[in-house]
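Bear in mind these aren't lab numbers, they're just calculated from the coordinates by the rules spelled out. For clarity, every value in this text was computed on a predicted model and none was experimentally measured. Cβ atoms come from the backbone with ideal geometry, glycine included; neighbour counts cover every protein chain shown.
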Amino acid sequence: MSIQAKIYLVGAGPGDPDLLTVKAQRLIRSADTVVYDRLVSQEVLDLIPHSASRVYVGKVTGHHTLSQKEINALLVDLGRKRQRVVRLKGGDPFIFGRGGEEALALARNDIAFEVVPGITAAQACAAYAGIPLTHRGLARGVQFVSGHSKNNETLVLDQAALSDPEQTLVIYMGLANLSRIIRDLVEAGRPGDTPAAIVERGTTSNQRTVITTVDELQQAVEQHAITSPAMLIIGQVVSLAEELEWFMPWAKEMELKYA
């Protein structure tokens, strides 16, 4: 099957290669060049053909292989030189993946592109931890919130997003600003005994889930030495995790903990 010359912004999902879409897998297997992020799992990277060029552009807090501006320029350059370029992004390209910025750079330089959605970490981490993001009688909605500001600016969270007890709150990249997030939650009126979960490395063989409360969230993160990537889930739906937990990673070091 021939693929026209364009950049494919492909969601790699949260880590479990079985959660890739059929289209994402097909594009990865037929790519000439793959530009990929830090959070793309090794199992997904193993699908890249040996003949394809690999370009790593991963970012860690305080250290970026390339700046976002440089990544945008790289994609534009590759779009002019290569036929099948896959820009592989963890989760979904348009949910805290800066895929919109990359798509704009391509559009403004007349580079053909296509967006291939992926399962975002909020959905996957919650599901693999046994937490329904919405549930009748407990949560009538869900909000995805970034716990990290661009250029390390002061984090400012919407009080309305934090205060509604019938909204599940899912916070991406929240560990670095955890103390501020907890303070803002309390100031917004979320009770300290509101159930909270931290899902570390969700959907992978190293997944760990810690169930706690807003008041005990900081202590739980420190006690269990939680590291990035980790998803924070706040709301009454977290109380269902103990009954609905189903995912038991096969890695011996995995440990499901209830703080």
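Note on the chain: antiparallel DSSP beta bridges, both residues inside, total approximately 40 percent of the bridges counted. Taking amide H positions as modeled 1.01 Å from N, with prolines and chain starts lacking one, no residue 5 or more places away or on another chain lies under 5 Å from R190. Under the simplified labelling scheme, the S30-E243 pair shows an inter-label distance of 4.6 nm, with each label point 7 Å from Cα along Cα→Cβ. Simple spin-label estimate for A5 and R108 gives 2.3 nm between the two label positions (7 Å along the Cα-to-Cβ direction from each Cα).
The distance from the alpha carbon centre of region 67-96 to that of region 170-223 is 32 Å, rounded to a whole number. For the listed peptides 211-221, 100-110, 41-51, a ranking on the average number of other beta carbons within 10 Å per residue, highest first, reads 211-221, 100-110, 41-51. Once backbone amide H atoms are built at 1.01 Å from N, K6 has V85 as its partners under 5 Å, excluding neighbours fewer than 5 places away on the same chain. Rounded, prolate or oblate for region 5-117? Axes are the square roots of the Cα gyration tensor eigenvalues, ordered a ≥ b ≥ c, and the cut-off for rounded is a/c under 1.5. Taking the square roots of the gyration eigenvalues as a ≥ b ≥ c, region 5-117 is rounded. Subtracting the Cα-Cα distance of R80 and K23 from 0.36 nm times their residue separation leaves 18.2 nm of extension gain. In summary, region 43-99 shows an alpha-carbon radius of gyration equal to 1.20 times the 2.2 N^0.38 Å reference for compact globular proteins. Rounded, prolate or oblate for the chain? Axes are the square roots of the Cα gyration tensor eigenvalues, ordered a ≥ b ≥ c, and the cut-off for rounded is a/c under 1.5. The shape class here is prolate.
Residues whose amide H lies under 5 Å from that of T213, counting only those 5 or more places away or on a different chain, are A196; hydrogens are built 1.01 Å from N in the peptide plane. Per-residue ellipticity at 222 nm computed for the chain from its helices equals -7000 deg cm²/dmol, with DSSP H segments shorter than 4 residues left out and the rest contributing -39,500 (n - 2.57). Between Q218 and L45, full extension at 0.36 nm per residue minus the direct alpha carbon distance yields a gain of 58.9 nm.
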